[in-house]
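Visitor: Take this structure, written in structure tokens, and hold onto it; I'll ask about it next.
The values are calculated or read from the model by the stated rules, or taken from the named source; none is laboratory data. Predicted, not measured: the structure shown is a model, and the values here were computed from it. As a convention, Cβ positions derive from the backbone with ideal geometry for all residues, glycine included, and neighbour counts pool all protein chains shown. For the accessible areas, the whole protein counts, side chains as well, though only heavy atoms, and no ligand, DNA or RNA atoms are used. Shrake-Rupley method; radii C 1.70, N 1.55, O 1.52, S 1.80 Å.
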Amino acid sequence: MFDDLVDYVRENYSRATKIVELGVGSRIEVAEKIKKHLPLTEVLVTDKDEAWIRKHQTGQVRAVADDVMFPQTPIYQNASLVYSIHPPFEIVEPMVALAGRIGADLLVVPRSDEQEMFHDGWKKLVRNGKTLGWLRTSGKERG
């Protein structure tokens, strides 16, 4: 379902040392696919549900309990990209702030009924004729 997203990340962040999925929820397979395509990149997922995080530790993708509303910034240091799939609207601004603090690009894949809130400062990513998500760049060179 998110193959276009994985391809975009693989093509645009191939030299990233770290990529983080914010608010992973119950869907860790996107991060696992990114790790498979970028084996030298540290792929990390975060969620505020500590019980879920404990259950989903894998050898490939590190899972860390953290709340993006009150993030532990050192977890995210050196990330080239932070992304989130279908985040609740209220955490988008804290994600923007976190990405800005660490100098990472932010890619959000919103629910289809929340597309209109992404405009100022966001770039619409279209792939194969459909909206992939919305990107805010840090201004740093991507890998």
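Visitor: Calculate how large, on average over all directions, the projected area of the Cα convex hull of the stretch 1-80 is; give the answer in nm² to one decimal. Don't skip to the answer; put the middle values down first.
Guide: On the way: hull surface 20.3 nm².
Mean projected area of the Cα convex hull: 5.1 nm².
Visitor: Residue 86's amide H: which non-local residues (gap 5+, or another chain) put their own amide H closer than 5 Å, with H modeled 1.01 Å from N in plane and none for Pro or chain starts?
Guide: Placed amide hydrogens put 109, 111 under 5 Å from residue 86.
Visitor: Let me ask something additional. Relative to the present Cα-Cα distance, how much length would full extension add between residue 26 and residue 116 at 0.36 nm per residue of separation?
Guide: Numbers: separation 90, 0.36 × 90 = 32.40 nm, distance 2.54 nm.
That works out to 29.9 nm of additional length.
Visitor: Ranked from the most accessible area to the least, with a 1.4 Å probe and all protein chains present, what is the order of 7, 66?
Guide: My answer, sorted largest first, is 7, 66.
Visitor: To continue, here is another question. Any chance you could check the Cα centroid distance between the stretch 1-33 and the stretch 53-90 for me, in angstrom?
Guide: 12
Visitor: Any idea of the accessible area per residue across the chain, 1.4 Å probe, to the nearest Å²?
Guide: Numbers: 7510 Å² over 143 residues.
On a per-residue basis, the chain sits at 52 Å².
Visitor: For the chain, give me the percentage of DSSP beta bridges that are antiparallel, rounded to the nearest 5 percent. Walk me through the intermediate numbers first.
Guide: Values: 8 of 24 bridges.
In the chain, DSSP labels about 35 percent of beta bridges as antiparallel.
Visitor: Hey, what number do you get for the chain at 222 nm if only DSSP H runs of n ≥ 4 count, each worth -39500 (n - 2.57), divided across all residues, to the nearest 500? Please list the in-between numbers first.
Guide: On the way: 4 runs with 36 residues, N = 143.
So the calculated ellipticity at 222 nm is -7000 deg cm²/dmol.
Visitor: Give the Cα extents of the chain along the principal axes, in whole Å, largest first.
Guide: 36, 30, 29
Visitor: Turning to a different aspect of this structure: For the stretch 67-130, state which trypsin sites (Lys or Arg not before Pro) are in a DSSP loop and have at most 13 other beta carbons lying within 10 Å of their beta carbon. Each step should come with its number before you reach the end.
Guide: Numbers: sites: 101, 111, 123, 124, 127, 130; in loops: 111.
Taking the stretch 67-130 and a limit of 13 other Cβ atoms within 10 Å, the loop trypsin sites (Lys or Arg not before Pro) found are 111.
Visitor: Tell me, what HN-Hα J-couplings in whole Hz come from the Karplus equation 6.51 cos²θ - 1.76 cosθ + 1.60 at θ = phi - 60° for each residue of the stretch 44-56, using x for Gly and Pro?
Guide: Whole-Hz 3J(HN,Hα) from phi for the stretch 44-56: 10, 10, 10, 7, 7, 7, 4, 4, 5, 4, 4, 6, 10.
Visitor: Counting only protein heavy atoms and a 1.4 Å probe, tell me what percentage of the chain's accessible area is made up of carbon and sulfur. Please list the in-between numbers first.
Guide: Numbers: 3650 of 7510 Å².
That share works out to 49 percent.
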